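Beneath this line is the structure, given in structure tokens, with notes to follow.
The values are calculated or read from the model by the stated rules, or taken from the named source; none is laboratory data. These numbers were taken from a predicted model, which means no experiment stands behind them. Cβ placement follows ideal geometry from the backbone for every residue including glycine, while neighbour counts extend to all protein chains displayed.
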Amino acid sequence: MLVVSVVSVFVGVVDINIADIINMDSEKLSLIAISRFPRTMALILAGVGMSVSGVIMQQMTQNKFVAPTTAGTLDAAKMGLLMFLILVPSAGIGLKMLFAFLFTFVASIVFLGIVRKIRHRNVVFVPIVGLMFGGILSSISTFFAVRLNIVQDTNAWMIGDFSGVLQGRYELIYLSLPAILITYIYANKFTVIGMGEDFAKNLGLNYKSVMNIGLFCVSLTVSAVVITAGVIPFLGLIVPNVVSLIFGDNLKKTLPYVALTGAIFLLISDVIGRVVIYPYEVPIGVTVSIIGAVIFLILIFKRR
């Protein structure tokens, strides 16, 4: 991750090399401080946060193919931002975050309620239901966006893009750090949750409390990432599955690997997006979608 982080700082339209840093080139150092470093930090935190959120959702639903992408969580955050624009467009970033968080939290509760009602929890059927649920939320958001002539604003949220991340415009993503810390503290309890409600209760675990803590962590992280950079699909889905195939399902053991892998994957995807049509840039949402969709299909056929 350290190597890819250094590459991320030095890759871009403006050529920066080690000699510029040694010679204390003020213009290049200013570019690093204002743009390159904040972008790299935002990528690391988003990669870690979305990957860890995917792990939590998979444990809560007992399904390896459930993640913010396939549970309507990202679409709920989009709906929250839309309601913010409609109701209180002139309010500050704090209220904007609150709207996204509340809609994400409520939508996650609704999705978990739907999952409990499904009698035959086929490993592929549950995420398909989640995609349908997300599609309904997205359609409602698009309807209101069209009626109010703000489609362009809502579409911008659906494409993850870190090119606009600058100093003073990315710090909100640090809110994901407490959620990641809480997840690590409760890692063993999330592992037990993944074995089922009856099993968890027999071990004396407060099932509802742990579930609410998990929903809180996911909602906080997803809201912070969407507000900062937009939607990043598939990240919370493929990274936990790949790590699980290699290291197993003991969350306390694998969580650091999930976090590091998510950060590395997002950094590499961003670098690819910057160089593939240089000097122009492909949004990271597109890059991650292409790679993630291919890996997702491989995992589905492998699981069958």
All positions within segment 27-79 that are crowded, with 24+ Cβ neighbours inside 10 Å and small (Gly, Ala, Ser):
42, 46, 47, 49, 51, 53, 54, 67, 71, 72, 76, 77
For residue 279, the lone unmet condition from (1) farther than 28 Å from residue 107 by Cα; (2) at pLDDT 90 or above is (2)
Could you grab the pairs with beta carbons closer than 7 Å, sequence gap of 6+ or different chains, first residue in segment 191-218 and touching a residue at least 60 places away in the same chain (Cβ under 8 Å), second one in a loop (DSSP other than H, G, I, E, B) and among the polar types (S, T, N, Q)?
191/250; 194/62; 196/62
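Looking only at segment 157-178, how many residues end up being part of a helix (DSSP H, G or I) and closer than 12 Å to residue 46 by Cα?
Our first condition is that a residue be part of a helix (DSSP H, G or I); within segment 157-178, this holds for 157, 171-178.
Next cut, closer than 12 Å to residue 46 by Cα only: 171-177.
Summing the residues that are part of a helix (DSSP H, G or I) and closer than 12 Å to residue 46 by Cα in segment 157-178 gives 7.
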Residue that is nearest to residue 267 (Cα to Cα), among those in segment 2-51 that are without any contact (Cβ under 8 Å) to a residue 12 or more places away in the chain and among the charged types (D, E, K, R):
15
Residues in segment 162-175: is at least one more than 21 Å from residue 105 (Cα to Cα), in contact (Cβ under 8 Å) with a residue 12 or more places away in the chain, touching an Asp or Glu at 6+ places or on another chain (Cβ under 9 Å) and buried (at least 20 other Cβ atoms within 10 Å of the Cβ)?
yes
Filter segment 261-304 for residues that are of a type in the set (Phe, Trp, Tyr) and more than 24 Å from residue 49 (Cα to Cα); which is surrounded by the fewest Cβ atoms within 10 Å (Cβ to Cβ)?
301
Before we move on, is residue 180 more than 20 Å from the chain's Cα centre (by Cα) and surrounded by 18 or more Cβ atoms within 10 Å (Cβ to Cβ)?
no
Residue hits (segment 99-117; buried (at least 16 other Cβ atoms within 10 Å of the Cβ) and farther than 17 Å from residue 136 by Cβ) are 99, 100, 101, 105
